[in-house]
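For reference, the structure discussed in these notes is given below.
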Amino acid sequence: MSVKTYRRGVILICAALCGALTASLNIWSIFQKPLMEAYGFSPQSVSFAYTIVIAMIGLSGPIGGWLQRKAPAHIIMTIAGIGFGLGWFLTGFASTIPVLYVSFGLLVGVCDGICYNLALAIATRWYPDKRGFANGVALAIMAIYPLFSAPAGNMIIENFNVSIAFNIVGVFCIVGFIVLSRFLKMPAADYRPEGWVPPTESDAKHVKNYTSGEMLKTPFFWTLLLFFGTVACTGVMMLSTVSLVGQVQAGMDAAMGALMVGIFAVANGAGRLGLGAISDRLGRFQTMFVAVAVTAVIHLFLFANATSPLVFIVEACLLGICFGGIMAIMPSVCADAYGPGNAGQNYGFMFIGYTMASFIGPVISANALATTGSYSSAFPILGMLCVVGLVLLALAWMFFKKMRAKEEVGA
């Protein structure tokens, strides 16, 4: 099957929408209680299905990057997208825990990692002149998708049942991936937008395309992976618990707590789009320094005292913007350092840092709530992780400069 080359803006939007379909995972929380009621599953068992998904996303990212060098982008996205939707569809028949873990945990997780990784790689490759902007647009669309899909999913559950809701989500994703994938194509390795020439002072001309094996031998990679693992903890924690945190911390009722999910999603999307574009001008490391520093200050000194809904919303939005910005900039940093040629597979390895955070953040918040009845004791820990992240970012910046200097000498 041949694929026509469309305007890069069309390709960007279609890639972002494919990524948004993978964000169906972010509405998992609306399925948990109905799933437990329907089949008598324990909360721990249902929660572990999500843990398997996160682990599979981290493991399948590099596989998706490898596939990008072996097959056309639209073929990979179509097959993985169908697998993703099929996993949701089959989960509608998961009346036992093993079936749930295989259909949702393994199948959805593996295909999610491949599709998500490919969507970001396409965005980066078509916008070498505006990588931060392109990643910001893609990730912003992915971030705000739950704002619309969560109410729709909840309506289906209320009017039918949880099994049919899984089936409908699955069919919707399969059709969406098949349609959108036809617009996707990777540009040539040496692609440059018409009329764009890298500035003389740009480092772009010195960047070589590292293989993943070469990347793993550099201290920059390991430092940045640890940075990602520490600073993403706060965002992961808020993504999964912002509704409950608002109720416990700021005395919100259940309806307002549910609204916080949408508010945080919008802030997250705004940060991905806004800070991603700002990083193209201000610089990747400089922008991340500001985002992490603001996050650290809020967690160390402010968030525990956010006991009114208004103050909580303002501070949660700031956290969402900063987290979204970091998520948008990280793929661009990876491509800047290791070249666009293997960006998909390389960022798949870098994304393991986020997988680490997906385990650490929720554990910290859950333990705080279980032992104290509040999330307040978790905030200083998350703040200190951000301080550690600032130190790691400074080291990563130093390693990046050394890498670039070495490449210039060898050029």
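Which three lengths, in whole Å and largest first, does the range 65-105 cover when its Cα atoms are put on their principal axes?
Principal axes ranked by extent give 38, 16, 8 Å for the Cα atoms.
What area, in nm² and to one decimal, does the C-alpha convex hull of the range 29-141 cast on average over all directions?
Its average projected convex-hull area is 7.6 nm².
Report the one residue of Trp397, Ile326, Leu244 whose Cα lies farthest in the direction of the positive end of the charge dipole of the range 210-410 (charges on C-beta: Lys and Arg +1, Asp and Glu -1; origin at the Cα centre).
Trp397
How would Arg281, Arg125, Arg272 line up from fewest to most surrounding beta-carbon atoms within 10 angstrom?
Going from sparsest to densest Cβ surroundings: Arg281, Arg125, Arg272.
Sort Cys334, Cys317, Cys386 by Cβ crowding within 10 Å, fewest neighbours at the top.
Cys317, Cys386, Cys334
Using 0.36 nm per residue, how much length does the chain from Phe48 to Ala394 gain when fully extended, once their Cα-Cα distance is taken away?
Stretched fully, the Phe48-Ala394 segment lengthens by 121.0 nm.
What's the longest bit of the chain with no exposed GluC sites (Glu not before Pro), using DSSP loop states and at most 13 other Cβ atoms within 10 Å as the test?
Answer - 202-411.
Tell me, Phe172, Phe400, Phe177 in order of fewest to most beta-carbon neighbours within 10 Å?
Lowest to highest Cβ neighbour count: Phe172, Phe400, Phe177.
How much length would be gained if the chain were fully extended between Leu282 and Leu259, taking 0.36 nm per residue of separation minus their Cα-Cα distance, in nm to one decimal?
5.0 nm
Given a Förster distance of 30 Å, report the FRET efficiency between Glu407 and Lys70 from their Cβ-Cβ distance, rounded to the nearest 0.05.
0.65
With springs only between Cα atoms under 10 Å, which of Thr218, Thr124, Thr287 fluctuates most in a Gaussian network model of the chain?
In the Gaussian network model the winner is Thr218.
Could you tell me the relative contact order of the chain? Use alpha-carbon pairs under 8 Å, at least six residues apart, and round to a whole percent.
Reported relative contact order: 25 percent.
How long is the gain from Thr211 to Phe359 if the chain were fully straight, where each residue apart is worth 0.36 nm and the alpha carbon distance is subtracted?
Taking Thr211 through Phe359 to full extension adds about 50.5 nm, to one decimal.
Residues with beta-carbon under 10 Å from that of Ile122, excluding Ile122: net charge, scoring Lys, Arg +1 and Asp, Glu -1?
With Lys, Arg at +1 and Asp, Glu at -1, the neighbours total +3.
As an exercise, identify the trypsin sites (Lys or Arg not before Pro) in the range 1-106 lying in DSSP coil whose Cβ has no more than 10 other Cβ atoms within 10 Å.
Answer in residue order: Lys4, Arg7, Lys70.
Quick one: which of Lys130/Lys401; Lys33/Lys70; Lys130/Lys402; Lys185/Lys208; Lys130/Lys406 span more than 31 angstrom between C-alpha atoms?
From Lys130/Lys401; Lys33/Lys70; Lys130/Lys402; Lys185/Lys208; Lys130/Lys406, over 31 Å: Lys33/Lys70.
Values in this text are rule-based calculations from the coordinates and carry no lab data. None of these values were measured; they are calculated from a predicted model. Backbone-built Cβ (ideal geometry, glycine too); neighbour counts: all protein chains shown.
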